[in-house]
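Okay, so here's the structure we're looking at.
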Amino acid sequence: MAAEELTLQSHIQHHLTNAKMCAAPDGGVAFNKACSEAGFWVLHIDTLAWSIGLGILFLMIFRSAAKKANTGVPGKLQCFIEMIVEFVGDNVRDTYHGKSKLIAPLALTIFVWVFLMNLMDLIPVDFLPAFAGWVGATFFGMNSHDVYMKIVPTTDINMTAALAVGVFLLMIGYSIRIKGVMGFIKELTLHPFSSNNMVVQILLIPFNFLLEVIALIAKPFSLALRLFGNLYAGELIFILIGAIGLMQLPLHFIWAVFHILVIVLQAFVFMMLTIVYLSMASSDNH
């Protein structure tokens, strides 16, 4: 019984471990287990490779559709791309109340890119990691159990946090662009509590600043953790299903059908919250 639990535990642990690269003590490059004590500066090369690759795939598909677009009868790809662009454009027009040419392309990029990264969750969990292990063992003489490959970038908190930090920096940038540096500072110090009495208003500044900073920082945290938590939980269920071997396929299909909703919904939520946060940052009502 203990052996079975150990086997299941090692199976789960292996699938939840990223392929890592770090600087070795001798000045070279170390990988995976050798990076366990490397500290903060460790690259998750599988997350980087899959996210960049999917980003390039997104650009290639949309560029191809744009080059082949015509005013006549559109092809299937053009119709599909136009539906996505129109869907994102409608949400931007309804949600973003400022004026910026960047928001619509940004929202489209976020929605499609996050969707593609989430979509990798539908591939059976043992397929690509097993292939990576075979390549490592065949061509590099590595032990297949020491080869790690996580193919869903959004199950890595580093990836979702990086996306959220990007949105956070845009929020700061738009706030300063619309309101100016002093306007941004006033927004952090003179709201939500205000008073016509100068002395009282000065006394309220520390409380306002604390509340506004917490609210500001909570936005990227919520973006990162929401996307990561939902995809990580779904991936964990796929891993548990994969532990039963070849019989996993029927159960994998059933869970995948349900998980499709999560994949699309989380990409949509990330896009919509980004638009909402940038709209709030662009508002100069105060």
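Observations, loosely collected:
- Odd one out for LEU57 among (1) free of Cβ contacts under 8 Å to residues at least 24 places away in the same chain; (2) loosely packed, with under 14 Cβ neighbours inside 10 Å: (1)
- Residue satisfying all of: in region 60-89; closer than 19 Å to LEU116 by Cα and of a type in the set (S, T, N, Q); surrounded by the fewest Cβ atoms within 10 Å (Cβ to Cβ) among these: SER64
- Pick from region 15-31, criterion surrounded by 18 or more Cβ atoms within 10 Å (Cβ to Cβ) and touching a residue at least 60 places away in the same chain (Cβ under 8 Å), ranking: farthest from ASP126 (Cα to Cα): LYS20
- Any hit, region 40-53, residues being over 19 Å from MET159 (Cα atoms), outside any helix (DSSP H, G or I) and either in contact with a Ser or Thr (Cβ under 6 Å, 6 or more places away or on another chain) or of a type in the set (A, V, I, L, M) (or both): no
Conditions tested, residue by residue: (1) touching a residue at least 24 places away in the same chain (Cβ under 8 Å); (2) within 30 Å of SER51 (Cα to Cα); (3) touching a helix residue (DSSP H, G or I) at 6+ places or on another chain (Cβ under 7 Å).
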| site | (1), (2), (3) |
| --- | --- |
| PHE131 | no, yes, no |
| ASN158 | yes, yes, yes |
| GLY180 | no, no, no |
| LEU188 | yes, no, yes |
| GLN201 | no, no, no |
| LEU210 | no, no, no |
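- Flag for ALA107 being of a type outside the set (D, E, K, R), modelled with pLDDT under 90 and touching a helix residue (DSSP H, G or I) at 6+ places or on another chain (Cβ under 7 Å): no
- Qualifying residue in region 268-275 (condition: surrounded by fewer than 14 Cβ atoms within 10 Å (Cβ to Cβ), out of contact with any Pro (no Cβ under 8 Å at 6 or more places or on another chain) and closer than 30 Å to ALA104 by Cα): no
- Residue check for SER51: of a type in the set (S, T, N, Q) and in contact (Cβ under 8 Å) with a residue 12 or more places away in the chain: yes
- Of the residues making up region 82-98, those that are in contact (Cβ under 8 Å) with a residue 60 or more places away in the chain and either over 16 Å from PHE270 (Cα atoms) or not β-branched (Val, Ile, Thr) (or both) are ASN91, TYR96, HIS97, GLY98.
- Selection count, region 127-153, where residues are hydroxyl-bearing (Ser, Thr, Tyr), at pLDDT 75 or above and surrounded by 14 or more Cβ atoms within 10 Å (Cβ to Cβ): 1
Let's see how each residue does on (1) loosely packed, with under 14 Cβ neighbours inside 10 Å; (2) assigned to a loop (DSSP other than H, G, I, E, B); (3) hydroxyl-bearing (Ser, Thr, Tyr); (4) out of contact with any Gly (no Cβ under 7 Å at 6 or more places or on another chain):
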{"site": "SER195", "(1), (2), (3), (4)": "yes, yes, yes, yes"}
{"site": "PRO206", "(1), (2), (3), (4)": "yes, no, no, yes"}
{"site": "TYR232", "(1), (2), (3), (4)": "no, no, yes, yes"}
{"site": "MET247", "(1), (2), (3), (4)": "yes, no, no, yes"}
{"site": "ILE254", "(1), (2), (3), (4)": "yes, no, no, yes"}
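- Any hit, region 154-175, residues being farther than 30 Å from PHE40 by Cβ, within 31 Å of the chain's Cα centre (by Cα), charged (D, E, K, R) and surrounded by 13 or more Cβ atoms within 10 Å (Cβ to Cβ): no
The values are calculated or read from the model by the stated rules, or taken from the named source; none is laboratory data. Only a predicted model underlies this, so the values are computations on that prediction, with no experimental measurement involved. FYI the Cβ positions are ideal-geometry reconstructions off the backbone, even for glycines, and counts take in every protein chain you see.
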